[in-house]
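Down below is the structure, laid out as structure tokens.
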Amino acid sequence: MCSSCCNAQQEQVRRFEKVCRILDKHQHNPSRLIPILQEVQKEYRYLPEEVMAFIATSLGVSPAKVYGVASFYANFALKPKGKYVIHICEGTACHVKGSGKIKDALFKKLNVTAENNTTPDMLFTVQPVSCLGACGLAPVMTVNEEVHGQVTPEAAMAIIDEIIKKERN
């Protein structure tokens with residue numbers, strides 16, 4: 001085999017080293033596909049297409065099966081997410097208490113839209129969700145796993161400003 005082929009294979013092994021460790025941990029068991037995808041997403045913050053193809057090959061299943069599972073479950077992301085994922089609740093209680101204004105303020109401040117919801121610097125992703133299960137705290141938003149209740153547009157902007165300030169230091 002030529003050295004460029006060997007170098008390409010070595011590069012692929014290095015590139016998928018973390019994925020290989022996850023697959024090894026789950027003993028390359030196709031019935032463990034969901035936990036494998038969860039761990040891979042935790043590592044990459046989303047499921048890259050080439051990684052899903054690699055997983056399919058490694059597990060001996062079709063790429064369509066892996067993609068089907070990844071696209072079926074809402075907790076899997078097929079597009080890159082920012083370091084800080086902001087969920088805005090759009091459930092009835094939150095909607096009635098003004099979550100739409102919070103969403104609009106975040107979209108404007110971060111210059112994102114529902115279609116392009118991640119900032120170019122990969123710092124923030126804004127995702128409206130149907131319910132966060134904290135109706136008593138309405139309106140609610142989360143930043144990663146941190147819950148913020150009774151949020152106003154101004155409070156949401158302050159949270160974002162604090163994160164930006166922290167990231168610059």
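The values are calculated or read from the model by the stated rules, or taken from the named source; none is laboratory data. None of these values were measured; they are calculated from a predicted model. Quick reminder, even Gly has a Cβ in these numbers, built from the backbone with ideal geometry, and neighbours come from all protein chains shown. SASA here: full protein model, heavy atoms, side chains in, ligands and nucleic acids out. Shrake-Rupley method; radii C 1.70, N 1.55, O 1.52, S 1.80 Å.
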Can you work out the accessible area per residue across the chain, with the rest of the protein chains kept in place, probe 1.4 Å, in square angstrom? 61 Å²
Running a GNM on the chain with Cα contacts under 10 Å, which residue among Asn75, Asn117, Asn144 ends up with the highest mean-square fluctuation? Asn75
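At a 1.4 Å probe radius, carbon and sulfur cover how many percent of the accessible area of the range 18-154? Write out the running numbers ahead of the final one.
Details: 4100 of 7700 Å².
That fraction is 53 percent.
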Accessible area (Å², 1.4 Å probe, nearest 10) - His95: 120 Å²
For the chain, state the average projected area of the convex hull of the C-alpha atoms over all orientations, rounded to one decimal in nm². 12.5 nm²
So for the chain, if I pair up every lysine 8 or more residues apart or on another chain, how many of those pairs have alpha-carbons under 16 Å apart? 9
Scan the range 110-158 for GluC sites (Glu not before Pro) in coil per DSSP, keeping those whose Cβ has at most 12 other Cβ atoms within 10 Å, and list them by number. Glu115, Glu145
What size of dipole, in debye to the nearest 20, comes out for the range 53-169 about its Cα centre when the only charges are +1 on Lys and Arg C-beta atoms and -1 on Asp and Glu C-beta atoms? 160 debye
